[in-house]
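I have placed the structure first, in the form of structure tokens, so that the comments after it can refer back to it.
The values are calculated or read from the model by the stated rules, or taken from the named source; none is laboratory data. Just so we're clear, the structure is a prediction, and the values are computed from it rather than from any experiment. For neighbour counting, all protein chains shown are included, and Cβ atoms are generated from backbone atoms with ideal geometry for every residue, glycine included. Side chains included, ligands, DNA and RNA excluded: accessible areas come from the protein's heavy atoms. Shrake-Rupley method; radii C 1.70, N 1.55, O 1.52, S 1.80 Å.
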Amino acid sequence: MTQTLDVGRRGSNFPQVALLRASASASSASTASDVRASYAAGSQEPLPSSSILVAPRSFLTGLDWSLPSLPNRKSQSDSWREVMARKKITPEERRRMERVKKIKEKAKNREIPIQKADDLCAICDEGGAVTYCDGGCQRCFHLKEPKCRLILGLDIEQAKIYDDKKRDFICKNCKYKEHQCFACGKLGSSDLSSGAKVFRCKHNDCVRFYHPKCVAKLLYPVSEAEASRFELQIAAGEEFNCPVHECNVCKGGEEKDDKNMQFAVCRRCPTAYHRKCLPSDILFEPKEGRNGHVQRAWEELVDSDGDVFRLDPIVIYCTKHEIVTELGTPKLNHIIFPKKIREPKVLVAPPNEEDIRADDELPIHPSSEPSQSPPPSSDQNKCSCSSPLDSFAPSSLFPHPHPGSGGWLDD
């Protein structure tokens, strides 16, 4: 049994293969032994282009059809240093490339440490060296940054004392027990012992306070009756979870093990999303162009030392807040501290009972001196208790100060 195969013209790259052609006529077909003999002799006689190779299957299987070996390329065995040497790479550039390569390999082999988003400065939303408030609000602040220090109302000496841990740092919100509602931004008393106006979310590590009416409207935006009932319950002391702990779109909770279900929380208002539910205009990278958008989401933080941290949760600024280009954040006017309450300088101390008793026991002797003349008429109109020490108001406001039983020292 024979098989017809067209192997092409002479000049093929197959080594030591002489193109064997035979006439298409059956009478002129060679036997298998003749074809083998012609191949072994290496016949170079040109054959008509119309001829085809006719050979038995056994002969075709006996041929060496392997491709010729390619020339050994030296570049395959060269090291990357030799390649760079041929490209005339400077030693400084080579060291930089080696350092970058080591950093990338190290980053692949280790996990990125996690940075809690609540550990960022409450004023500028940056990381670094922060000081935590010891008053209970669990916020932290930059005491060395001038813009943060001025908002806190501290001078350089005070900031240095707190930063050196020589004294506990307590923010003015905790000092006067007045915190902001995270929904409306207004201050309210957080003192539970004297009728609080704002209440803290019960969720673990949550640092947000709310008016009962504000958080009730956020949790029950459709039903006014349910919102009113929930408002009364919070005012009576019932605990609650604020809207930051559920997705604003699907209303689901966070699943930290699932990347798509991780939370992205706004730093300025009670708005949170799953990563998969983020609006298209909240971008992790700025987009340029006519329809471009600024960056509004950050999942990693790079500190001043170049170390990278993964933020938990993802930090965002939702579209309700305008981004200041110079800052990369909204305006830094979201933190309000209560104004300093005036404290008394000196209080007039009441007379001591022992002094009164001693005065009563003094003997009374008739005076042998003549009686003194009465004081001038200008002094007779003055009350004996009209001293500036006995008035709450400054003496400059009253030519004849209103008498009082005690009060502030006049300046």
(message) Counting only Cα atoms, I'd like the Rg/Rh figure for region 188-332, Kirkwood definition for Rh.
(response) 1.02
(message) Can you compute the charge dipole magnitude of region 94-176 about its Cα centre, using +1 on each Lys and Arg Cβ and -1 on each Asp and Glu Cβ, nothing else charged? Give it in debye, rounded to the nearest 20.
(response) 820
(message) Beyond a 18 Å Cα-Cα separation, which of these cross-linked pairs lie in this structure: Lys165/Lys202; Lys217/Lys339; Lys175/Lys339; Lys172/Lys339; Lys172/Lys202; Lys197/Lys331?
(response) Lys165/Lys202; Lys217/Lys339; Lys172/Lys202; Lys197/Lys331
(message) Below 14 angstrom from the Cβ of Glu224, what's the summed charge of the other residues (Lys, Arg +1; Asp, Glu -1)?
(response) +1
(message) At 1.4 Å probe size, what's the solvent-accessible area of Ser280? Round to the nearest 10 Å².
(response) 100
(request) Would you please give the FRET efficiency between Lys175 and Ile89, computed as 1/(1 + (r/R0)^6) with r the Cβ-Cβ distance and R0 = 41 Å, to the nearest 0.05? (result) 0.10
(request) Indicate the gyration tensor shape class of region 151-274 (rounded, prolate or oblate), computed on the Cα atoms with a ≥ b ≥ c the square roots of the eigenvalues: a/c under 1.5 is rounded; otherwise a/b larger than b/c is prolate and the rest oblate. (result) oblate
(request) Over the Cα atoms of region 177-242, compute the convex hull volume and normalise it per residue, giving Å³. (result) 74
(message) Counting C-alpha atoms alone, how compact is region 94-176: give Rg to one decimal and Dmax as a whole number, in angstrom.
(response) 18.0, 60
(message) With the cut-off at 1.5 for a/c, could you classify region 263-324 from its C-alpha gyration tensor as rounded, prolate or oblate?
(response) oblate
